[in-house]
Amino acid sequence: GLLKTLSRRPHVIITTAYPEYAVEGFELSVTDYLLKPFSLERVLQAVGKVQHPKEARREEASGTVESRMTSLFVKSDKKIIKIELKDLVYAEAYGNYVKVYTDTMILTAQTLSDFLTQLPDDFLRIHKSYIINFNHLKLIDGNQVLLGNGTKLPVGKSYRKAILGRI
């Protein structure tokens, strides 16, 4: 209840034995959600996300954390859907929602910026409205990218340098 009233939310790690509260945790954009029983290593990993958020994302992406992030749960309508990150091709801003494209489209209620913070470094913002899975990038043609599923997306001027730096 208290978190909902705060305009600037602190980093929160929820620990509980009740998985049914995970939905509310996702809605409140908590930093991490630990389901009991959990190991000390898992607690330290969660605390690391608060202390060093960029390093935590880099470690997850490089595989140095024991359980490398391979999937993500998103809330869509009244369901929580598991998305395998290897299948996530790109995401598109849609107001205060994000359209997540795998072999289907999933609409989730969050901003593109918030969605990006949940993703490992394999994902790159290429435009104010688009995030791509770098593993699905096939070619860059001027100010456009072509993804493996045939989708062409625009590249924003301010994002072009970051994309070229990844190649």
With the other protein chains left in place, how much accessible area per residue, in square angstrom, belongs to segment 94-160 at a 1.4 angstrom probe? 53 Å²
By per-residue mean of other Cβ atoms within 10 Å, what is the highest-first order of 116-124, 39-47? 116-124, 39-47
Taking amide H positions as placed 1.01 Å from N in the peptide plane, with prolines and chain starts having none, which residues 5 or more places from residue 89, or on another chain, fall under 5 Å of its amide H? 101, 102
Just the ratio, please: alpha-carbon radius of gyration of segment 77-167 over 2.2 N^0.38 Å, N its number of residues. 1.03
Set 79/99; 75/128; 99/152; 78/128, cut-off 24 Å on Cα-Cα distance; pairs above it are 78/128
Modelling each spin label as a point 7 Å along the Cα-to-Cβ direction, I'd like the residue 86/residue 144 distance in nm, to one decimal. 3.0 nm
Other-chain or far-sequence residues with amide H under 5 Å of residue 127's (modelled H): 156
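The values are calculated or read from the model by the stated rules, or taken from the named source; none is laboratory data. Just so it is clear, the model here is predicted, and its values are computed rather than measured. With ideal geometry, Cβ positions are generated from the backbone for all residues, glycine too; neighbour counts draw on all protein chains shown. The area values use the complete protein model at the heavy-atom level, side chains included, leaving out ligands, DNA and RNA. Shrake-Rupley method; radii C 1.70, N 1.55, O 1.52, S 1.80 Å.
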